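Below: the structure, in C-alpha cells.
The values are calculated or read from the model by the stated rules, or taken from the named source; none is laboratory data. The model shown is predicted, which means the values in this text are computed figures rather than measured ones. Neighbour counts are summed over all protein chains in view; Cβ atoms, including those assigned to glycine, are modelled from backbone coordinates with ideal geometry.
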C-alpha cells in the first residue's frame, strides 16, 4: 500500500540536486513526497559490506532524515540478482522503492539502465517482477515516453506490464531519452497514460509555476505532479502549488526570501556529508533571476569553502 501523501506535489530525484538538506526544505514547504538521488544497485551492495564492518547501516550512504517521510529511494541498474539484494538492503529504511527507467544520461543508458530499458520489454518485466517479489514496501516506477521520436509511445506497453507485475504508481516524464531536457514535455501522453491505467499516475515535466501544476492536473487528470528543475533553488514552489490548488491564489516571494531559504539550506547541510561543489551549485540556483545575479554567481563559483560562500551570500543579502 502506498503511504498517504500530504499534498499532490512531489519533489523529483535529481543527481547532485536532491540532497537530504534540499529534500527536507521541500518537504517543509509542502512536498507530499520526496525521492532520493538515484543510486546504483551495485554501489548499495558494495557499500553495505563496507558499512557492516563498522556496524553502520546503509543510512550512512544514502542519507536522509525522519522528517522527510514519506520518503522514496530511487534505484537504477538491471542485474536482477543485484537488484533483488539492493532492494532488500534499502527496504527497512524507506517507505517506497522507486525504479528509474527515465534517466537520459549516456553513462547510465550505456550500462543498460535508466531510459535505455524502455526498449527491453522482457528484461523490464523481469525487473518489475523481481522488485515486487523482493520487498513488502510499495514499488513505483519513473519512466520517459520512449527512446527516440520513432519509439515515443513505448511507455504504453511498459506501463501495462508494470501494472500487471504489481507496480503501484508510475511517474511519466513525457520526453524521449534522446530529447534529454530539450523541447517541450508532451502532456497529452500523461493524459493517455492516466486513461489506460488503474494505478495512480504522476505527471512530470515543465512545471515551473503553480499555474503549470494546476494546468497539468486539469488537462491530464493525473493524480499527482512531480517537480524537478522548477523547484531547484525555489522550494517555495510546493507551498505555492498547494495553496493555488486549494484557493486559486498564493503568496509571492522576494529574492530576500529566497536568500533566507538558502541560509536555512546551508544550516541544514551541516548535518550531512554533502560535497562543497554541490552546495555551491545549489547557491547558484537560489540566485537565479536575481539582480546582479551573474556577478554573484561568478563569485560563488570561485569560493573555496563554506565561510567564503556564506560571506558572498550575506553581501548579496544586503544588496538585494
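Miscellaneous remarks
- In the set (1) more than 26 Å from residue 210 (Cα to Cα); (2) more than 27 Å from the chain's Cα centre (by Cα); (3) surrounded by 15 or more Cβ atoms within 10 Å (Cβ to Cβ); (4) at pLDDT below 95, residue 313 fails one condition alone, (2).
- Residue match in segment 195-204 (condition: surrounded by 22 or more Cβ atoms within 10 Å (Cβ to Cβ), within 17 Å of the chain's Cα centre (by Cα) and part of a helix (DSSP H, G or I)): no
- Of the criteria (1) more than 30 Å from residue 85 (Cβ to Cβ); (2) touching a strand residue (DSSP E or B) at 6+ places or on another chain (Cβ under 7 Å), which one residue 199 fails: (1)
- Qualifying residue in segment 166-186 (condition: in a helix (DSSP H, G or I) and assigned by TED's automatic domain parsing to the domain that holds residue 101): no
- Listed here are the helices (runs of 4 or more DSSP H) enclosed by segment 207-320 that have at least 1 residues being touching a strand residue (DSSP E or B) at 6+ places or on another chain (Cβ under 6 Å): 210-220, 236-247.
- Each residue in segment 258-294 was checked for being exposed (fewer than 13 other Cβ atoms within 10 Å of the Cβ) and modelled with pLDDT of 90 or more, and 6 of them qualify.
- Verdict on residue 155 being in contact (Cβ under 8 Å) with a residue 12 or more places away in the chain, touching a helix residue (DSSP H, G or I) at 6+ places or on another chain (Cβ under 6 Å), assigned by TED's automatic domain parsing to the domain that holds residue 193 and closer than 26 Å to residue 224 by Cα: no
- Within this structure, residue 242 passes the test of being within 20 Å of residue 22 (Cα to Cα) and crowded, with 16+ Cβ neighbours inside 10 Å.
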